[in-house]
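The values are calculated or read from the model by the stated rules, or taken from the named source; none is laboratory data. Computed from a predicted structure; not experimentally measured. Every residue, glycine among them, receives a Cβ derived from its backbone with ideal geometry; neighbour counts consider all protein chains shown. Accessible surface is based on the protein model in full, side chains and every heavy atom, while ligands, DNA and RNA are left aside. Shrake-Rupley method; radii C 1.70, N 1.55, O 1.52, S 1.80 Å.
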Amino acid sequence: MKFTFLFVFLLFGINIYATDFKTSKPKDIALAPIQNNVRNVLDLSGMWKFKKDSANIGEQQAYYNGLTNCRTISVPGSWNAQFDDMRDYLDWVWYETDTYIPSSWKDQNIFIRVNDATYSAKIWINGKPVGYHEGCHVPFAFDIANVIKWDQSNKIVIKVENQLSPSRVPTGNVKGGSLASNPAANYDFFPYSGLNRSVVLYSLPKTYIQDITVKPNYEGTTGLLDVIVETKGKATKATVTISGQGKEITVPVKIQNNKGIAKVKIPNVRLWCPEDPYLYMLSVSLGEKSNPKDIYSLKTGVRTVSTNAKQILLNGKPVYLKGFGRHEDFPVLGRSSSNSLIVKDFELMKWTGANSFRTAHYPYDEENYNLADREGFMIIGETPGVGLYFSGDSAELKARQTIMKQYIEEMYLRDKNHPSVIMWCVANEPNDKVALGQMSASSKEDKAKAEAEFEKLFTQIRSLDDTRLIMYVGVMMGPINWFKLTDVIAINRYWGWYTSPGSIEQGANTLSKELDRLYRKFKKPCMVTEFGADTYAGFNAVTPEMFTEEYQKEFIKAYLDVADSKDFVTGMHVWNFADFKTSQSMIRFGGYNLKGVFTRDRRPKMAAHYLRSVWKGQ
Ligand code: BDP
């Protein structure tokens, strides 16, 4: 009897929990909030209240009604970087801010958008549960109109934690690897936690444009754009306007079942490319153009991406990717956003002559993509799928697959209209072994199962996007056959660093032979997405020696020379643009990966000058 009661109670309790905290709908992040005549944005960046909850008692003690005995934190910001006493803390914390909402927003749809809460977040507004989201470096949004108070301040409380787990992506606390690190992340960058990006409130009209997808193409000199418009509420028509080159083209769209497509033709189209990153302004208005229910504008470019057997082609012409794998990482900021840092990094990349970068190992702050569109950088957009393995405990694998599918959808929805994004990278160094550093191979059956699971992610992204190349990045000694899934063979290689240490010549030889083997087998363009050597700035030697600036320069030179000797190599990305923070481990001096060609505070090492001489001829 007692047990039945307990069972019913638990069931009921779980039910309430599940329905009170909605999970976010990826479609709600498709269009970044903007300010115009009919839409509003209120940025909540600033000083928030903050409280640690190591015993996880906050919900029981109703912290969501308001935090007491708390400290102050900057949002955006990573708590591990702001508070020295919380550097390695990854458990529960609470954030709080208060804001008025303008009365002109009454009778509108009102949403909250959190641009990154690493790793999980639960939101309350005015003490009422709003929503729950899992996953890092991707935004999520919730409709909050029914919990808003007018003419008084609204209390926004967010609970966040970043516990490392084999059921999460990126993975953590995975048993079986040979290299221990603290915190126990199974990836080589620091698990910076919290509200790393801005939190905004925004209003949308009652009937609104929920999504716009631009699929660019051209034939001869005519640009051909498919513009897919998706709406919420009752609407039967919309207008798509493209402006650029002093001209305006307007195409009416019939909306049926909340969806419509405009086929736009642009005569004498000016194509987007790194040398001339021309952007058109695309504007969609819903309803009558003279009195629109909603308006959304974005900048986009017209370009195509494809491959032949040896090269990546942009607008049908071969393009060579010169650049870096980067990280969002800086002293004090941790992994949080700073527009100054984004501008600085772009300036330095331009200074080296780079034309591209990979968002290793997660989608970056959106301003990176806006700037890349304008500056003509080509981006390989990567999911947070790092440390991903497709074997071991099946419940954990299932959980990782679920979050990976969500990431792919969220990344695609957020970034799909950027001409700068030319490739999607499904995962960095996925493996069929349980953990990085674990050398024992899994059984044949396990390997086949792992491949089948990995393939599902490829199928998903291909079904979403047929306008970009799809790839993943292969690990040293990882499964070779998986390359049959990709458009471009991308490999991370450290021969001459992690193997044959101190011998650049041997390393370059191994690379050369391996590239030849890969090309013979797959006949696809190849690129090296990571290669580099840890380098302590100011550490020098007459004869290059590991960790000196000379060794890094010679290592990079040797790899670039190998690439130059092969016409099927389509790009070289140095690892890394700048030194970055990692967990502590035996191979990470001071808790840093020192493979940057710039220091963590952005001073050039010898290798940066060398790259500038090769890539820019200066
Ligand atoms: C690669 C990883 C990257 C690491 C790099 C390294 O993709 O995240 O930082 O190795 O060891 O395998 O420096």
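I'd like to check something: does region 320-337 contain any residue that is aliphatic (A, V, I, L, M), outside the structural domain of residue 80 (by TED's automatic domain parsing) and touching a Ser or Thr at 6+ places or on another chain (Cβ under 8 Å)? Scanning region 320-337, I find at least one residue that is aliphatic (A, V, I, L, M), outside the structural domain of residue 80 (by TED's automatic domain parsing) and touching a Ser or Thr at 6+ places or on another chain (Cβ under 8 Å), so the answer is yes.
Against the condition over 30 Å from residue 286 (Cβ atoms), touching a strand residue (DSSP E or B) at 6+ places or on another chain (Cβ under 7 Å) and open to solvent by 40 Å² or more (accessible area, probe 1.4 Å), how does residue 161 come out, does it pass?
Numbers: over 30 Å from residue 286 (Cβ atoms): yes; touching a strand residue (DSSP E or B) at 6+ places or on another chain (Cβ under 7 Å): yes; open to solvent by 40 Å² or more (accessible area, probe 1.4 Å): no.
Considered against the rule, which asks whether it is over 30 Å from residue 286 (Cβ atoms), touching a strand residue (DSSP E or B) at 6+ places or on another chain (Cβ under 7 Å) and open to solvent by 40 Å² or more (accessible area, probe 1.4 Å), residue 161 comes out as no.
Just one of the listed residues (349, 378, 423, 404) is of a type in the set (A, V, I, L, M) and touching a Ser or Thr at 6+ places or on another chain (Cβ under 6 Å), and it is 378. Evaluation of residue 296 against the conditions (1) within 28 Å of residue 262 (Cα to Cα); (2) out of contact with any Phe, Trp or Tyr (no Cβ under 7 Å at 6 or more places or on another chain); (3) among the aromatic types (Phe, Trp, Tyr); (4) open to solvent by 30 Å² or more (accessible area, probe 1.4 Å) shows that the sole unmet condition is (4).
Which of the residues belonging to region 322-339 are of a type outside the set (Val, Ile, Thr) and either within 16 Å of the ligand (Cβ to nearest atom) or more than 19 Å from the chain's Cα centre (by Cα) (or both)?
322, 323, 324, 325, 326, 327, 328, 329, 331, 335 - these are the residues of region 322-339 that are of a type outside the set (Val, Ile, Thr) and either within 16 Å of the ligand (Cβ to nearest atom) or more than 19 Å from the chain's Cα centre (by Cα) (or both).
The set of residues in region 66-120 being open to solvent by less than 20 Å² (accessible area, probe 1.4 Å), assigned to a helix (DSSP H, G or I) and under 20 Å from residue 33 (Cβ atoms) consists of 105 alone. The number of residues in region 349-371 being within 14 Å of the chain's Cα centre (by Cα) and either in the same structural domain as residue 273 (by TED's automatic domain parsing) or small (Gly, Ala, Ser) (or both) comes to 1.
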